[in-house]
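I have placed the structure first, in the form of structure tokens, so that the comments after it can refer back to it.
None of the figures in this text is laboratory data; all of them are computed from the coordinates on show. Since we're looking at a predicted model, the values are computed, not measured. Here the Cβ positions follow ideal geometry from the backbone for every residue, glycine too, while neighbour counts run over all protein chains shown.
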């Protein structure tokens, strides 16, 4: 079916590059230090569950912080909350680097996420400020291309930094990253919030804004789908080190290569999505990608539970299931942001917070079910993708058809 939207406009690459960098705070903060977890445990005399708690604390901070930045960016503009968040990220990263024990590191990771999440919230809102529904999906796919370089490069950079300067050097690198992005925002990102958004935000408190959003059936469909898709990604991120290095016995170098290869799959699918959006509507692509993801996750679950083919079956199917995320993430976000443009910041925050919240729960469930096999990872991913499909076909798409009628 042909796309009803006009042909794509020229890509504003400098603008997209900056917004993509703003969304990289989370992957940089997660992926750079994953291979350092054993070193952190030895250095701070922490048990494995305590070092894993530094990741869970970061997820929790990302989920909570976005709820704050979304309404703030609608009310005060996009730039001020963003610059505050970057400042918090830089200070918390320095505390992480200086942490004398695991308890301080866990707390600092939580605060680090509270600051870093501002980048993703504001970047998505800025995109919706400037583009239509379909163009938003295209730009978000481009941002995924840029943001996706973080999971490819960050593990390698983290490994080199750890070798040269230890795990504390990884966090000093994040300090430098935050300072660089803060300077870039200061000189290059103009204000994009519309007068209508400002008037809407000043006329209602954040709780009223979120209450209104929760009453929108179509938005809830996109939000639940986006959250559960995000949970698939975060389940993989939290489980990958143990699965690849523990269960399958690969070295940290091989783990980093596998991690980067899966990231390339997501990036590639996001660019296929951008190409498809020249001919299809975002919801059309989303519906078909959802069905494909269930098939991939079902095959992964069967392989994990039967043991057929071992890692040579599980890892390729894991790659397939993860890659389809690149076809879904931008389209669920674009669909949600199209529901109410006056509350773009709050919607961006709701989507991001729901994704990290679901990711934290899914990661916890995978950890609780951990049995030294790929079964828990596969089972949790399959359950999340089935839930995502139910949200898309039961809430989001019927609401979209009703809005178009």
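Which of 302, 106, 237 moves most in a GNM of the chain, Cα contacts under 10 Å?
Highest fluctuation of the listed residues: 302.
Fully extended, how many nm does the chain gain between residue 84 and residue 49 (0.36 nm per residue separation, minus their Cα-Cα distance)? Write down the numbers at each step before the final one.
Working: separation 35, 0.36 × 35 = 12.60 nm, distance 3.17 nm.
Taking 0.36 nm per residue and subtracting the Cα distance, the gain is 9.4 nm.
What value, in deg cm²/dmol to 500, does the helix sum -39500 (n - 2.57) over DSSP H runs of n ≥ 4 give at 222 nm once divided by the residues of the chain? Walk me through the numbers before you get to the answer.
Values: 18 runs with 325 residues, N = 405.
Result for the chain: -27000 deg cm²/dmol, rounded to the nearest 500.
Eigenvalues of the Cα gyration tensor times 5, then square-rooted: what semi-axes does that give for the stretch 148-283, in whole angstrom, largest first?
Three semi-axes, in Å: 35, 24, 17.
Subtracting the Cα-Cα distance from 0.36 nm times the residue separation, let me have the gained length for residue 183 to residue 264 in nm, one decimal.
26.3 nm
Can you tell which of 43, 73, 132 shows the greatest fluctuation in a Gaussian network model of the chain with Cα springs below 10 Å?
43
Name all residues of the stretch 22-64 having a backbone nitrogen under 14 Å from the label point set 7 Å from the Cα of residue 104 along its Cα→Cβ direction, giving them as ranges.
44-45
Please work out how much length the chain gains when fully extended from residue 275 to residue 214, using 0.36 nm per residue of separation minus the C-alpha to C-alpha distance, in nm with one decimal.
18.7 nm
Between residue 42 and residue 176, what is the label-point separation in nm under the 7 Å Cα-to-beta-carbon projection?
That separation, rounded to one decimal, is 2.4 nm.
Note down the nm distance, to one decimal, between modelled labels 7 Å out along Cα→Cβ at residue 130 and at residue 198.
Result for the modelled spin labels: 1.9 nm.
Rounded to two decimals, what is the ratio between the C-alpha radius of gyration of the stretch 318-359 and 2.2 N^0.38 Å? If you can, show how the numbers build up before the last one.
On the way: Rg = 11.9 Å, N = 42, 2.2 N^0.38 = 9.1 Å.
So the Cα radius of gyration is 1.31 times the expected 2.2 N^0.38 Å.
Only Cα pairs within less than 10 Å get springs; with that Gaussian network setup on the chain, which residue of 284, 74, 129 has the largest fluctuation?
284
Give me the percent relative contact order of the chain, please, defined on Cα pairs under 8 angstrom at least 6 residues apart. Provide the component values of the computation, followed by the final result.
Values: 679 pairs, mean separation 111.3, N = 405.
Value for the chain: 27 percent.
So for the stretch 71-146, considering every pair of alpha-carbon atoms, how many percent are separated by more than 18 Å?
Values: 1478 of 2850 pairs.
Percent of Cα pairs beyond 18 Å in the stretch 71-146: 52.
Based on C-alpha coordinates, I'd like the Rg and Dmax of the stretch 213-314, in Å.
Radius of gyration, then largest Cα-Cα span, for the stretch 213-314: 16.5, 49 Å.
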